[in-house]
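Following: one structure in structure tokens, then a few remarks.
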Amino acid sequence: MKPASLERGRVMSFFERMGRSIAAVLLFSTTIISNADSPPKPPTWQVTESVVPLTGAASVVAVLPSSNTVLNMIGQPEAAGFVLRCQDRVLVAYVAWPQVLQVSGTAWGGGAQAMVLWKFDQGSIAANFWDRSDGGTAAGKFTTKGATKLVGQLYPAHQMVVRLTGTSTQDAIFELGDFQAVATKVGAACGVSWNYKK
């Protein structure tokens, strides 16, 4: 027969292991509940810097995904993107859209334009024609002059909401975060700066 003390030791060891397992499960469950209660963090800017091999000029691209999703061409949810870019000393600012945008007007130079309803922070809603990209999946300002003006309007803002129409009309929300720092970096590559006084 096995000594009673050895049996008791095995029983105690079993319950100790069970106790540790239960404690681990409870801790894991608490972590899941805690994470479920935490609000999701808004997307942040993704900045890519490079040098153009031919000219040696700086190229800076900053992309901010929308904090909500819109439906793409096949009805699946996808984030829109707010893009600032300096390339070949040309500054552009535009919203990349997961649908082909409707043509709502024509620019003086003959390019297609999309109607945009937009606002920043708690300001009033503006209705403007933005230039439509050649592929039709972006709208914004594709010249340094136009982009400089658009970024200047947004410079003090914390949030931008944009409504565009493709196969359907949808709103995209952009939490601008450290927009001033990002705009300053992209603008500097194109020799553009903004001065904003609170």
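We did not get these values from a lab; they are worked out from the coordinates using the rules stated. Fair warning: this is a prediction, and the values are worked out from it, not measured in the lab. Note that each Cβ is placed from the backbone with ideal geometry, even for glycine, and that neighbours are counted across all protein chains shown.
Expected output is a single nm value to one decimal: the length gained when fully extending between LEU71 and THR184, i.e. 0.36 nm times separation in residues minus the C-alpha distance. What is it?
Contour length minus the Cα-Cα distance gives 37.5 nm.
Exposure proxy check: MET160, MET73, MET115 ranked by fewest other beta carbons within 10 Å?
MET73, MET115, MET160
With r defined as the distance between the Cβ atoms of THR55 and THR169 and R0 fixed at 35 Å, what FRET efficiency is calculated, to the nearest 0.05?
FRET efficiency, THR55 to THR169: 0.30.
For SER193 and ASP134, FRET efficiency with R0 = 35 Å and r from the beta-carbon atoms, rounded to 0.05?
Calculated transfer efficiency: 0.75.
Cβ neighbours within 10 Å, averaged per peptide: list 121-129, 44-52 in order, most packed at the top.
Highest mean packing first, the order is 44-52, 121-129.
Would you mind computing the Rg to Rh ratio of region 46-189 from its alpha-carbon coordinates, Kirkwood style for Rh?
0.96
If you bin the C-alpha pair distances of region 116-198 every 10 Å from 0, what whole percents do you get?
16, 47, 33, 4, 0
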